[in-house]
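Only one structure is covered here, and it is reproduced in the block below.
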Amino acid sequence: MRKAFVAGNWKMNTDNHSGVELVKGIKDAAQANSSKVDVAVFPPFVYLQQVAKAAEAPIAVGSQDIYFEEKGAFTGEISSAMLKDVGCVYALCGHSERRHVIGETNEIVNKKVKASIDGGLLPVLCIGELIEERKAEKTFEVLTEQIKKGLAGLTAEKVSAVTLAYEPVWAIGTGLTATGEQAQEAHSFIRKLIAEIYDETIAENIRILYGGSAKPENTAELMAQKDIDGLLVGGASLKADSFSAMIAAAV
Ligand code: PEP
């Protein structure tokens, strides 16, 4: 049985004070629902340490990105050891904004997934199609390539550390949410693909989150889908009230 997982990606938002207030503000909802829902927040790098200190169990903290080298002359980059050192448990890998704004390739994302696992972090591998790809009926092709390349070289044992996040790019930050049916179709495809690449047990156990304008109003519909195990939430995770409502509705 897969436990629900609700994760808040704060992107380049919050500040010194508001991030700490935000994580404190979701404590009650996270604690009240902890037997049924795992909760994590992904603050900007510079606030990770203080948010991790303020985050009371069971809230976990993750990074929005990671670099794949262990240390050395990589100006501006952050290693898995540094992230662990400041209290991170998870690392987002291949968020669509990193793929499409910063230009990360599937090969880079794969290195980040591997570096996360090797460094003792739990990667959340983000995948999803652009609107042009959906219109051209290439959604499954894109997802197949992102998954096969993103997980390339990972043994069955290592892939058990991975959470997948299906985030159709056209739904991220646009207010356009995939319908429950659209999301379920993609999630079911992803789970079958994992069974083909690995096996049925791994496919049954891997958590697949949905992301893309998820909010309190559509949480129940999305979470009612058989293959949706949780949500990766951007905008609606920036308000303690709305994120708390989503945690409560995700059980
Ligand atoms: C995201 O950043 O992963 C995301 C899904 O954003 P939003 O919920 O704002 O669409």
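The values are calculated or read from the model by the stated rules, or taken from the named source; none is laboratory data. The structure presented is a predicted model; accordingly, all values stated were derived computationally and were not measured. Cβ placement follows ideal geometry from the backbone for every residue including glycine, while neighbour counts extend to all protein chains displayed. Ligands, DNA and RNA are stripped out before the accessible areas are found, and what is left, the full protein with its side chains, is counted by its heavy atoms. Shrake-Rupley method; radii C 1.70, N 1.55, O 1.52, S 1.80 Å.
At a glance:
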quantity	calculated
Stokes-Einstein D in µm²/s, Kirkwood radius over Cα pairs - the chain at 4 °C with 1.567 mPa s viscosity	73 µm²/s
With all protein chains modelled, accessible area of residue 65 [1.4 Å, Å²]	10 Å²
Cβ-based charge dipole, segment 4-249, positive-most Cα from 248, 60, 164	60
Positive minus negative residues near residue 96 (Lys, Arg vs Asp, Glu; Cβ under 10 Å)	-2
Residue with peak Gaussian network fluctuation, the chain [Cα springs, cutoff 10 Å], from 165, 60, 136	136
Given charges at beta-carbon only (K, R positive; D, E negative), |dipole| of segment 1-157 in Debye	320 debye
Dipole magnitude (debye, nearest 20) for segment 141-215, charges at Cβ of Lys, Arg, Asp, Glu	240 debye
Highest-fluctuation residue, 179, 163, 219 considered, GNM on the chain with Cα pairs under 10 Å	179
Förster radius 22 Å - calculated FRET efficiency between residue 100 and residue 36, Cβ distance, rounded to 0.05	0.05
Under-5 Å amide H pairs with residue 122, H placed in peptide plane, nonlocal only	90, 91
Cα-based convex hull, segment 177-223, per residue volume (Å³, whole number)	66 Å³
Tail weight of P(r) past 28 Å, computed on alpha-carbon pairs of segment 1-140, percent	22 percent
For segment 21-41 versus segment 47-83, the gap between their alpha-carbon centres in whole angstrom	20 Å
Relative contact order (%) - criterion: Cα under 8 Å, at least six apart; region: segment 28-85	28 percent
Dimensionless Rg/Rh of segment 90-206 - Kirkwood Rh, Rg from C-alpha atoms	0.95
Percent RCO, i.e. relative contact order, over the chain, from Cα pairs under 8 Å lying at least 6 residues apart	22 percent
Lys/Arg +1, Asp/Glu -1 at C-beta; the chain dipole; positive extreme among 19, 213, 95	19
Cβ-defined net charge surrounding residue 44, 12 Å radius [Lys, Arg +1; Asp, Glu -1]	-1
Over the chain: helical MRE at 222 nm, DSSP H runs n ≥ 4 each giving -39500 (n - 2.57), nearest 500	-11500 deg cm²/dmol
Within-14-Å neighbourhood charge of residue 24 [Cβ basis; K, R +1; D, E -1]	-1
